[in-house]
Protein chains: 2
Amino acid sequence: MSSQPIFLAIIGLGGVGKAFLTQYEHLRQRLSSQTPSTDLALILARRSKTQVLSERYGGLDASKILQQLDESKKPFLPFDAILEFLENAPGKVVLVDNTSDLELAKQYPTILGKGISIVTPNKKGFSDDIKLWDNIFSAASRGNSHVFHESTVGAGLPVISTLTELIETGDEVTKIEGVFSGTMSFLFNSFQPVGGEGGKFSAEVKKAKDLGYTEPDPRDDLNGLDVARKLTILARIAGLKVESPTSFPVQSLIPKALESCKSGDEFMEKLPEHDDEMEKLKSEASKAGKVLRFVGSIDVGSKSVKVGLEQFDTSHPIAALKGSDNIISFYTKRYGANPLIVQGAGAGGEVTAMGVTGDLIKVIRLLK
Amino acid sequence: MSSQPIFLAIIGLGGVGKAFLTQYEHLRQRLSSQTPSTDLALILARRSKTQVLSERYGGLDASKILQQLDESKKPFLPFDAILEFLENAPGKVVLVDNTSDLELAKQYPTILGKGISIVTPNKKGFSDDIKLWDNIFSAASRGNSHVFHESTVGAGLPVISTLTELIETGDEVTKIEGVFSGTMSFLFNSFQPVGGEGGKFSAEVKKAKDLGYTEPDPRDDLNGLDVARKLTILARIAGLKVESPTSFPVQSLIPKALESCKSGDEFMEKLPEHDDEMEKLKSEASKAGKVLRFVGSIDVGSKSVKVGLEQFDTSHPIAALKGSDNIISFYTKRYGANPLIVQGAGAGGEVTAMGVTGDLIKVIRLLK
């Protein structure tokens with residue numbers, strides 16, 4: 001039994017998008033060889049200034065997409081034209097948003113309302129104003145479409161699916177706590193390693209930047225907003241009506257005096273002048289036999305969400321984290337004193353794309 | 001839009017079954033109040049010597065099932081009659097097998113082949129002869145039915161779903177390692193705690209038994225077969241053709257001389273005479289600065305599966321485990337040197353039932 005193909009559109013072909021493209025091709029081949037088979041047809045690939053589309057809705061060759069995008073001389077279409085193209089596809093459509101674009105995320109309600117499903121690692125839509133969150137899920141319900149976003153927290157780690165299942169099966173989640181940023185994890189595991197010295201804060205930031213662990217402008221990690229967006233998403237799934245990622249306390253590691261820096265380069269140049277502030281916090285923790293870590297926590301009972309530096313005993317799992325790993329602990333009524341813990345790489349193209357591909361598999365099963 | 005109900009049959013109403021019944025009722029109420037709503041109808045509850053069934057396929061009241069089973073005077077029906085009853089239901093049927101019965105598991109191919117889906121924490125069907133495994137999944141494919149068994153490993157922890165997703169998205173799993181038994185976890189965390197003394201082995205077994213952490217006959221835990229069954233399941237998902245749970249090395253903690261004991265009581269009485277053997281292993285580990293733990297591991301490349309005692313550095317996450325927690329580490333190509341780790345309670349009625357209810361939610365979504 002071979003049925004109608006499921007049509008796929010990809011927007012965003014950076015690190016995650018490219019890794020996804022490889023995983024997609026692996027999946028397409030596997031599904032087409034199964035009995036009964038399922039056919040996937042890639043009908044659109046789009047990035048910032050160009051796109052390739054399959055005018056007759058035949059599948060594009062994933063292995064040639066990047067080259068075709070490079071060579072494309074077609075005019076860049078407005079999003080409305082893209083949406084119309086997807087709407088007219090002769091079957092079910094899934095949009096894979098591999099961007100981090102808030103403007104595209106604002107279109108989710110329109111897209112979902114037209115019956116087009118979405119899988120995405122893009123945090124913006126789920127962590128912005130709560131009205132957008134509400135509109136996204138009511139549009140999916142109205143449009144009988146699906147929206148999955150596992151990779152918005154912890155990349156490919158089973159964080160969102162685990163929290164959702166705890167809640168849907170009737171457990172009572174009391175607290176969620178963890179290290180939610182690969183960058184912050186790497187930075188503090190180096191700045192104050194258990195049983196080691198660590199370097200000056202500015203030197204560790206530079207090292208993390210040089211190794212590609214930070215955003216091009218490290219202030220985008222140090223301001224805490226990335227973690228705040230992830231916490232916003234988890235808190236909302238846990239039932240808290242969090243207005244926005246700036247509606248709760250978020251500690252920024254950008255020194256006050258450097259908030260007015262014009263560029264990332266200027267910031268990096270002046271950061272060493274402020275090493276004393278972080279050094280003081282480190283030595284306070286050290287004197288208490290503890291280490292500093294940048295964590296997020298959600299206390300469901302008191303509806304309190306916060307992001308910032310905290311001290312941890314050296315024997316605490318959060319202190320013992322390695323490399324750029326994330327760790328997320330779910331404290332619930334059922335699990336009692338010992339939380340359910342998920343740990344592992346929480347950033348990187350391959351593992352982020354894995355969460356997206358995993359979501360795509362779920363949507364395909366639901367659409368078949 | 002309210003559609004046809006999905007019919008549910010429960011077999012097994014022990015600790016897991018009772019916890020499931022409560023979670024089921026919570027789920028039923030939630031789904032019936034959603035827009036669009038989904039109706040669930042419980043049409044059968046069955047335990048060892050009795051059953052209650054809804055003769056006209058109207059939903060039974062979950063809150064009265066236990067009492068009705070106690071009071072039932074109807075003759076105990078043979079399984080064929082039950083199967084016929086389920087087959088004739090006017091809609092999709094899901095069988096929830098909350099037993100640990102191999103004979104029932106041997107019926108899975110027949111049940112699935114008739115289009116009836118199965119969710120279960122019963123390890124037996126998935127860890128016995130590999131022919132049964134193959135028959136189960138080919139029957140599900142033929143019958144267009146679904147079979148989920150998350151709770152067969154790690155109870156409600158996302159172990160099977162995580163491994164499946166790693167593989168389906170094209171990652172290469174190289175090694176799986178962990179503590180897979182709540183009983184063995186508790187036993188060794190007490191026998192040789194990090195930074196502590198611990199008691200004699202027989203005393204710790206007795207303590208675990210008294211606290212309800214072991215099977216009624218502790219030999220059923222100490223023989224390692226429970227862990228071997230879990231490893232068999234994971235190895236098969238990872239693509240290894242493991243013949244049976246006795247086709248690879250499994251270390252039993254039952255002393256040779258006590259293998260002929262007639263009863264669990266006799267075994268418990270004589271176990272103290274063999275404390276020296278375990279004490280020797282403990283002191284060897286201790287001298288190496290390590291602790292003993294009972295672990296299972298699957299090396300996918302060399303196709304080697306094994307279960308038994310190993311020494312771990314006191315700083316290793318396996319050594320630091322608490323209470324009766326499980327820990328499962330997935331080493332994969334994508335995750336590199338630091339594995340993806342899932343940790344938490346891996347036994348108990350509530351968390352086991354959570355895995356079953358989570359599976360039921362997935363099946364309901366697929367059947368709608």
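A full extension of the chain between residue A:88 and residue A:114 corresponds to an added length of 8.3 nm, given 0.36 nm per residue minus the alpha carbon distance. Distance from the axis that maps chain B onto chain A is least for the Cβ of the chain B residue given, with the whole Å value, as B:158, 2. Charged neighbours of residue B:129, selected by a Cβ distance under 10 Å, balance to -1 (K, R count +1; D, E count -1). Ordered by 1.4 Å accessible area with all protein chains kept, A:37, A:252, B:63 run largest first as B:63, A:252, A:37. In order along the range A:181-187, the Karplus-derived 3J(HN,Hα) couplings, from 6.51 cos²θ - 1.76 cosθ + 1.60 at θ = phi - 60°, round to 10, x, 5, 5, 4, 4, 4 Hz, and Gly and Pro are given as x. For the cross-link pairs A:175/B:18; A:123/A:262; A:124/A:207; B:18/B:74; B:18/B:124; A:106/B:362, the ones whose C-alpha atoms lie over 24 Å apart are A:175/B:18; A:123/A:262; A:124/A:207; A:106/B:362. For the protein assembly as shown, the residue among A:196, B:205, A:167 whose Cα projects farthest onto the positive side of the dipole built from Cβ charges is A:167. With its label point defined 7 Å out from Cα along the Cα-to-Cβ axis, residue B:259 lies at 7.4 nm from the matching points of the other copies, in increasing order.
The C-alpha radius of gyration of the range B:56-106, expressed as a fraction of 2.2 N^0.38 Å, stands at 1.29. Please report, as a whole percent, how much of the solvent-accessible surface of the protein assembly as shown comes from carbon and sulfur atoms (probe radius 1.4 Å). The computed percentage sits at 49. Counting Lys and Arg as +1 and Asp and Glu as -1 over every other residue whose Cβ lies under 12 Å from the Cβ of residue B:6, the net charge comes to +3. Chain A packed on chain B takes about 3200 Å² of accessible surface away from a 1.4 Å probe, both sides summed.
Within the shell defined by Cβ-Cβ distances under 10 Å, the residues around residue A:93 carry a net charge of +1, with Lys and Arg each +1 and Asp and Glu each -1. For the range B:347-368, a drop of 50 Å² or more in accessible area on going from the chain alone to the assembled protein chains (1.4 Å probe) is found at B:354, B:365, B:366. Using the Cβ-Cβ distance between residue B:26 and residue A:266 with R0 = 56 Å, the FRET efficiency computed as 1/(1 + (r/R0)^6) comes to roughly 0.50. Heavy atoms of the protein chains alone define the surface here; on that basis chain A has 42 Å² accessible area per residue at 1.4 Å probe size. For the range B:159-346, with equal point scatterers placed on the C-alpha atoms only and solvent neglected, what are the log10 I(q)/I(0) values from the Debye formula at q = 0.16, 0.20 1/Å, to two decimals? Evaluating at q = 0.16, 0.20 Å⁻¹ gives log10 I(q)/I(0) of -1.00, -1.42. Each 5 Å bin from 0 upward holds the following percent of the Cα-Cα pairs of the range A:1-136: 2, 10, 20, 22, 21, 14, 7, 3, 0.
In the protein assembly as shown, inverting the average of 1/r over every pair of distinct C-alpha atoms gives 27.5 Å as the Kirkwood radius. Bridges between two residues of chain B, per DSSP, are antiparallel at a rate of about 65%.
Ranked from shortest, the separations from the 7 Å Cα-to-Cβ label point of residue A:110 to its equivalents in the other copies are 5.8 nm.
Shown in residue order for the range A:239-250 are the 3J(HN,Hα) couplings computed by the Karplus curve 6.51 cos²θ - 1.76 cosθ + 1.60 at θ = phi - 60°: x, 7, 8, 7, 4, 6, x, 10, 9, 9, x, 10 Hz (x for Gly and Pro).
Measuring spread by the Cα atoms of the range A:326-368 yields a radius of gyration and Dmax of 14.6, 41 Å. A label point on residue B:215, set 7 Å along the Cα-to-Cβ line, lies at 5.5 nm from each of its counterparts in the other copies, closest listed first.
Proximity of backbone amide H atoms, modeled 1.01 Å from N, is registered between residue B:345 and B:326 at under 5 Å, excluding neighbours fewer than 5 places apart on the same chain. Cβ-Cβ distance of residue B:280 and residue A:81, R₀ of 60 Å, FRET efficiency by 1/(1 + (r/R0)^6): the value works out to about 0.20. One equal scatterer on each Cα of chain B, no solvent, Debye formula: the resulting log10 I(q)/I(0) at q = 0.06, 0.07 Å⁻¹ is -0.25, -0.34. Each residue of the range B:95-100 was assigned a 3J(HN,Hα) from its phi angle through the Karplus curve 6.51 cos²θ - 1.76 cosθ + 1.60 (θ = phi - 60°); the sequence is 9, 9, 9, 9, 9, 10 Hz, with glycine and proline shown as x.
The values are calculated or read from the model by the stated rules, or taken from the named source; none is laboratory data. This is a predicted model, so every value here is computed, not measured. Note: ideal-geometry Cβ built from the backbone for every residue, glycine included; neighbour counts use all protein chains shown. Ligands, DNA and RNA are excluded from the accessible area calculation, which covers all protein heavy atoms including side chains. Shrake-Rupley method; radii C 1.70, N 1.55, O 1.52, S 1.80 Å.
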